[in-house]
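Shown next, in structure tokens, is the structure this report addresses.
Every number here is computed from the coordinates shown, using simple stated rules; none is lab data. Keep in mind that this is a model prediction, so the values were computed, not measured. Cβ placement follows ideal geometry from the backbone for every residue including glycine, while neighbour counts extend to all protein chains displayed.
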């Protein structure tokens, strides 16, 4: 029976890996598709545009953003979903350990304590605990059932806790005391992570605010400064004054190039700020893809309006 459950756990991990590869494959396919459309717009072979009277470079940048969104969006939000599920599982783990420890203090063995405690409610962790209790009922040793739980859930905290409990059980010590200490340590670890997350959320908010301020600054320059430059150029032309500067002689194209530079700066700003937000939140770069996706959408909508 243990071998059957081990095979099921391995199959579940394989399915999770397949899901990750499927999402990544879809992301790469969207990147290639939209990137190819962007290239066709750049060479002016097609004219697929998101706004009227857009030049090739504008169409290229619009589709380039869509290509980047197609790549980082599905994978970034998939990682965020996985992280959220891990947090929900690990948050209820100390409650389960505490209940098992309390049951053990009444003279129950580890296997009996797990079966009794499986009747509680532990959120996302409840189905896995019920499976573990069913395995013990079928005759699987408690240590092996715990190992199977770690293989199914496969989060760092669960694997660490299971390793400690299994070692304690194999050594023949007082498992109830060990479970109590592990539960307390796990709870303290979660409180520390929550405090860090709350502290980092302030910096993440600052990153979003600075990005929005950057967009507002560009909007102000587009509606005030750049039009005044064009008006000044038109006034000089109408009065017949000779303008020696090559920039002033071709000022409309210069202003257009400045606007394109603003657009590219927003793309780079969104990608960099999003990755930085992910590093501050979880310490991992891939977790920032979701923030980058959100900022790129904001930037694209802002420039469509501007």
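Some observations on this one:
- Net length gained if the chain between residue 181 and residue 305 were fully extended (0.36 nm per residue, minus Cα distance): 38.9 nm
- Using the Cβ-Cβ distance between residue 36 and residue 264 with R0 set to 25 Å, the FRET efficiency from 1/(1 + (r/R0)^6) comes to roughly 0.80.
- Footprinting exposure proxy for 219, 63, 138 (fewest neighbouring C-beta atoms within 10 Å first): 138, 219, 63
- Note on residue 298 and residue 212: the model spin-label points, each 7 Å out from Cα along the C-beta direction, lie 0.6 nm apart.
- Were the residues from residue 138 through residue 188 laid out at 0.36 nm apart, the gain over their Cα-Cα distance would be 14.5 nm.
- log₁₀ of I(q)/I(0) at q = 0.14, 0.18 Å⁻¹ - the range 2-173, Debye sum with one point per alpha carbon: -0.77, -1.08
- Between the range 92-168 and the range 279-298, the alpha-carbon center distance in angstrom: 35 Å
- Our summary gives the chain a relative contact order of 19 percent, counting only alpha carbon pairs under 8 angstrom and 6 or more residues apart.
- Axis of helix 56-104 versus longest Cα principal axis of the chain: the two differ by about 20°, to the nearest ten degrees.
- Note on residue 199 and residue 50: the extension gain reaches 49.7 nm, defined as 0.36 nm multiplied by sequence separation minus the Cα-Cα distance.
- Sorted ascending by nearby beta carbons within 10 Å, beginning with the fewest, 36, 211, 77 become 36, 77, 211.
- Using equal-weight Cα scatterers in the Debye expression, the normalised intensity of the chain in log10 at q = 0.06, 0.07, 0.16 Å⁻¹ is -0.37, -0.47, -1.22.
- Computed FRET value (nearest 0.05) for residue 170 with residue 112, which takes r as the C-beta separation and R₀ as 25 Å: 0.90
- Between residue 223 and residue 57, the distance separating the two model label sites (each 7 Å from Cα on the Cα→Cβ line) works out to 2.5 nm.
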